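J.: Below is the structure I would like to discuss, written out as structure tokens.
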Amino acid sequence: MSDKWLPARVTGNRHWTEALFSLRVEGAPLAFEAGQFVRVALDIAGERVARPFSFVNPPGDPAHEFYGIVVPEGPLSPRLAQLRAGETLYVAGNPAGFLVLSELPDAQSLWLISTGTGIAPFLSILRTEAPWRRYRDVVLVHAVRHARELVYQELIGQMKQLKYVPFVSREAAPGALSGRIPAAIADGRLEAAAGVRLAAETSQVMLCGNPQMLKDTTALLLTRGMRKNRRRNPGHITVESFW
């Protein structure tokens with residue numbers, strides 16, 4: 001990977017919960033495609049410590065936004081969560097990742113299925129023209145443990161064409177499905193909530209989130225005749241995991 005690092009100035013640090021935060025930074029102009037990620041770093045004890053974060057902002061936005069969770073024992077995330085406006089971090093000069101619409105075939109419906117901070121790349125994608133131009137139905141699925149972790153509600157609410165299906169697993173939450181995403185696919189609750197058919201003949205599916213969700217959802221979709229999307233062999237399922 002490139003060793004080129006761009007300094008960026010923090011302009012905001014929003015705390016959604018005690019563990020979830022969104023950093024906004026300026027001063028690191030980068031060309032990237034919606035859905036990609038980049039390494040974000042701080043210098044800690046003489047060492048540059050970096051972790052990948054997906055862009056929440058769309059390409060062309062002068063400010064970059066990154067959505068993260070504090071890993072209490074981690075070397076980087078607790079420090080990122082404490083940054084204040086005016087402080088500096090570093091952004092790598094080489095965004096990467098294939099969770100992008102340019103890699104997807106056309107279809108009737110686009111399913112963006114996420115858990116936790118995995119919603120970030122989908123927010124970037126949804127803030128571009130491409131999904132609305134290419135797909136008749138666009139569905140965003142976001143699964144969390146507690147209702148307060150259903151972040152970016154104001155932004156999501158502005159997307160009038162979007163079919164939004166939240167999941168909350170640890171408590172009852174009005175308007176949200178309970179349980180896990182794979183179970184709701186298997187019993188039909190997810191399709192019913194979205195009002196959209198999830199099928200190989202009509203759908204493209206992008207997955208981002210915890211490894212167990214990715215594994216279980218992919219396995220279930222494969223039983224429905226879908227296959228993983230590859231450049232040389234186009235399919236239906238595109239997965240991103242940088243856990």
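J.: Could you check ALA199 against (1) assigned to a loop (DSSP other than H, G, I, E, B); (2) hydrophobic (A, V, I, L, M, F, W, C); (3) surrounded by 17 or more Cβ atoms within 10 Å (Cβ to Cβ) and say which number it fails?
T.: All conditions pass for ALA199, except number (3).
J.: Next up: Within the stretch 158-184, count every residue that is open to solvent by 40 Å² or more (accessible area, probe 1.4 Å) and either assigned to a helix (DSSP H, G or I) or touching a residue at least 12 places away in the same chain (Cβ under 8 Å) (or both).
T.: Here is the first cut: in the stretch 158-184, the ones open to solvent by 40 Å² or more (accessible area, probe 1.4 Å) are 158, 160-161, 163-164, 169-172, 174-175, 178, 180, 183.
Retained after the next criterion (residues that are either assigned to a helix (DSSP H, G or I) or touching a residue at least 12 places away in the same chain (Cβ under 8 Å) (or both)): 161, 163-164, 169-171, 180, 183.
Number satisfying all stated conditions: 8.
J.: Follow-up question, since we're still on this one. Which pairs turn up if I take residues in the stretch 1-30 that are among the acidic types (Asp, Glu) and look for partners that are open to solvent by 70 Å² or more (accessible area, probe 1.4 Å) with beta carbon separation below 8 Å, at least 6 apart in sequence or on another chain?
T.: GLU26/ARG9; GLU26/PRO62
J.: If you don't mind, there's one more thing I want to ask. Just checking, how many residues over the stretch 202-225 are surrounded by fewer than 20 Cβ atoms within 10 Å (Cβ to Cβ) and either of a type in the set (Lys, Arg) or outside any helix (DSSP H, G or I) (or both)?
T.: If we filter the stretch 202-225 for residues that are surrounded by fewer than 20 Cβ atoms within 10 Å (Cβ to Cβ), which is where we start, we get 202, 210-212, 215-216, 218-220, 222-225.
In the following step, the residues that additionally are either of a type in the set (Lys, Arg) or outside any helix (DSSP H, G or I) (or both) were identified as 202, 210, 215, 223-225.
Total meeting the criteria: 6.
J.: Could you please give the count of residues in the stretch 112-149 that are in contact with a strand residue (DSSP E or B) (Cβ under 6 Å, 6 or more places away or on another chain), open to solvent by 20 Å² or more (accessible area, probe 1.4 Å), in a helix (DSSP H, G or I) and not small (Gly, Ala, Ser)?
T.: Qualifying residue count for the region: 1.
J.: Go through (1) closer than 19 Å to ASN229 by Cβ; (2) in contact (Cβ under 8 Å) with a residue 40 or more places away in the chain; (3) not hydrophobic (A, V, I, L, M, F, W, C) and name the single condition PRO131 misses.
T.: (2)
J.: Could you check the stretch 24-80 for strands (runs of 3 or more DSSP E) lying wholly inside it with 1 or more residues that are over 21 Å from ILE119 (Cα atoms) and in contact with a helix residue (DSSP H, G or I) (Cβ under 8 Å, 6 or more places away or on another chain)? If you could, list the steps in order and put the result at the bottom.
T.: Working: elements: 37-44, 47-54, 63-69.
Output list reads 37-44.
J.: Continuing with this model, one more query. Within the stretch 95-103, is there a residue that is of a type outside the set (Lys, Arg), under 26 Å from VAL71 (Cα atoms), within 10 Å of the chain's Cα centre (by Cα) and open to solvent by less than 30 Å² (accessible area, probe 1.4 Å)?
T.: Step one: filter the stretch 95-103 for residues of a type outside the set (Lys, Arg), giving 95-103.
Applying the additional criterion that residues be under 26 Å from VAL71 (Cα atoms) yields 95-99.
Those left that are additionally within 10 Å of the chain's Cα centre (by Cα): 99.
With the extra rule that they be open to solvent by less than 30 Å² (accessible area, probe 1.4 Å), the set shrinks to 99.
Within the stretch 95-103, one or more residues are of a type outside the set (Lys, Arg), under 26 Å from VAL71 (Cα atoms), within 10 Å of the chain's Cα centre (by Cα) and open to solvent by less than 30 Å² (accessible area, probe 1.4 Å).
J.: Quick test for you: out of ARG24, ARG39, pick the one residue that is of a type in the set (D, E, K, R), touching a strand residue (DSSP E or B) at 6+ places or on another chain (Cβ under 9 Å) and either open to solvent by 60 Å² or more (accessible area, probe 1.4 Å) or farther than 21 Å from LYS4 by Cβ (or both).
T.: ARG24
J.: If you check LEU110 against the conditions, is it over 13 Å from the mean Cα position of the chain (by Cα) and within 26 Å of GLN212 (Cβ to Cβ)?
T.: Numbers: over 13 Å from the mean Cα position of the chain (by Cα): yes; within 26 Å of GLN212 (Cβ to Cβ): yes.
Here the answer is yes, as LEU110 does meet what is asked.
J.: Hey, another quick one. Mind telling me which of the residues GLU26, GLU33 ends up being farther than 18 Å from THR128 by Cα and of a type outside the set (S, T, N, Q)? Quick ask: steps written out before the conclusion?
T.: Numbers: GLU33 fails: farther than 18 Å from THR128 by Cα.
Exactly one of GLU26, GLU33 is farther than 18 Å from THR128 by Cα and of a type outside the set (S, T, N, Q), namely GLU26.
The values are calculated or read from the model by the stated rules, or taken from the named source; none is laboratory data. None of these values were measured; they are calculated from a predicted model. Cβ atoms come from the backbone with ideal geometry, glycine included; neighbour counts cover every protein chain shown. Surface accessibility is based on the protein's heavy atoms, side chains included, excluding ligands, DNA and RNA. Shrake-Rupley method; radii C 1.70, N 1.55, O 1.52, S 1.80 Å.
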